[in-house]
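Chemist: Shown below is the structure under consideration.
The values are calculated or read from the model by the stated rules, or taken from the named source; none is laboratory data. None of the values given here were measured: they were computed from a predicted structure. When we count neighbours, we look across all protein chains shown, and the Cβ atoms used for this are built from the backbone with ideal geometry, even at glycine. These accessible areas exclude ligands, DNA and RNA; they are computed on the full protein's heavy atoms, side chains included. Shrake-Rupley method; radii C 1.70, N 1.55, O 1.52, S 1.80 Å.
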Amino acid sequence: MGSKTRFTLAQISDTHVRADDGGVAARQVKKALAQARDYQADVILLTGDLANDERADEYAVFAEAIADPSAPLYLMPGNHDDRALIRSTFPTHTYLPRDGFLSYAIEDQPVRIVCVDQIVPGETHGLLTKPQAEWLDRTLAAEPNKPTIVALHHPPFPTHDLLFDKIGLWDGDLFASVIAEHKQVQRVICGHHHRVSFGQSAHAPVIVAPSTSWVYGLAALEGQPIAPKTDEQPGWMLHIWNQGQFASHFMGL
Ligand SMILES: [Fe+2]
């Protein structure tokens, strides 16, 4: 594996699977997974808001939708998720810690992926918290020379959206202060906003993946509609690392 120079990550985000939508959201997930198969993704990472309403019946529908992935598949929580239900629905996902935060690192690929859980149960915004910042710092320090992606749910930078800056990662400065110490972090990836955008955290570019279910419009100026659902194309993000260089592609559904 050490000599492998190509690595492809399928990032699928904000699937918001429901039990009462006639399978619409679940079909979008299956479509994204089929595309990921076509592109021979090495790893599939779901960056949160797996279910829409934190309900067991929704996680059952979601589990069926992801039952046949073409590559190792990893789950992260978003603000619409419940840690206990993720654990109980997916007992075979043994990379998930048994207690506390659902933070972990994917180690067995040419690119390391460090996934940090920064959700706040019952709240829409995200918070890294000091213990998680220390976990992230410690985890990144363990492999200082390996190209690394850090994944989280909430964008860690101000997107300049009137709503999403209120419900983003409240302590993005703390997150950036950790990233700044670890130059091997080449990308930060997240979701939550249901629209593609790009930002920065310390030296690392941040890429916000779209939702597979729906796209929100941008409220950048006072008076513009807050988080209107649009008819823009939902999708997912394909991150390709080859010969030491990253490129990230929006994949429409
Ligand atoms: Fe979210």
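Chemist: Looking at I207, L221, H192, which one has the Cα that reaches farthest to the positive end of the dipole of the stretch 181-253 (charges on Cβ: Lys, Arg +1; Asp, Glu -1)?
Modeler: Projecting each Cα onto the dipole axis, the largest value belongs to I207.
Chemist: What does DSSP give for the chain in terms of the percent of beta bridges that are antiparallel, rounded to the nearest 5?
Modeler: Taking every DSSP beta bridge with both residues in the chain, the antiparallel ones total about 55 percent.
Chemist: If amide H atoms are built 1.01 Å from N in the plane of the peptide, which residues on other chains or at least 5 residues away come under 5 Å of the amide H of V17?
Modeler: Residues meeting the amide H criterion: A51, N52.
Chemist: Please identify which residues in the stretch 168-195 have an amide N closer than 13 Å to a label point set 7 Å out from the Cα of D21, following the Cα→Cβ vector.
Modeler: 194
Chemist: A further question on this structure: Compute the FRET efficiency between H93 and L221 as 1/(1 + (r/R0)^6), taking r as their Cβ-Cβ distance and R0 = 41 Å, and round to the nearest 0.05.
Modeler: Here the calculated transfer efficiency is 0.45.
Chemist: Let me ask something else. For the stretch 6-252, what relative contact order do you get, as a whole percent, if you take Cα pairs closer than 8 Å and at least 6 residues apart?
Modeler: Here the relative contact order equals 19 percent.
Chemist: Can you spot the aspartates and glutamates whose alpha carbon is less than 12 Å from K166's alpha carbon? Ignore those fewer than 8 places along the same chain.
Modeler: Straight-distance partners of K166: E123.
Chemist: So for the pair E107, D137, with labels modelled 7 Å out along Cα→Cβ, what separation do we get in nm?
Modeler: About 2.2 nm, to one decimal.
Chemist: Treating only the Cβ atoms of Lys and Arg (+1) and Asp and Glu (-1) as charged, compute the dipole magnitude of the chain about its Cα centre; round to the nearest 20 debye.
Modeler: 760
Chemist: Shifting gears a bit: Based on Cβ point charges of +1 for Lys and Arg and -1 for Asp and Glu, what charge dipole magnitude is obtained for the stretch 39-87 about its Cα centre, in debye rounded to the nearest 20?
Modeler: Computed charge dipole of the stretch 39-87: roughly 180 debye.
Chemist: Could you pull out every one of the lysines with an alpha carbon less than 22 Å from that of K146, ignoring same-chain neighbours closer than 8 positions?
Modeler: Within the straight-line cut-off, K146 pairs with K4, K183.
Chemist: Continuing with this model, one more query. How would W241, W214 rank on accessible area, largest to smallest, probe 1.4 Å?
Modeler: Largest accessible area first, the list is W214, W241.
Chemist: List the lysines whose Cα lies under 16 Å from the Cα of K30, skipping any in the same chain that are fewer than 8 positions away.
Modeler: The reachable lysines, counting only those whose Cα sits under 16 Å from K30, number zero.
Chemist: For W135, W236, what's the largest-to-smallest order of accessible area, 1.4 Å probe?
Modeler: The ranking, largest first, comes out as W135, W236.
Chemist: Please give, to one decimal in nm, the separation of the simple spin-label points placed at F250 and K30, each 7 Å out from Cα toward the Cβ.
Modeler: For F250 paired with K30, the spin-label model returns 2.7 nm.
Chemist: Cα gyration tensor of the stretch 6-252, axes a ≥ b ≥ c as square roots of the eigenvalues: rounded (a/c below 1.5), prolate (a/b > b/c) or oblate?
Modeler: The shape class here is rounded.
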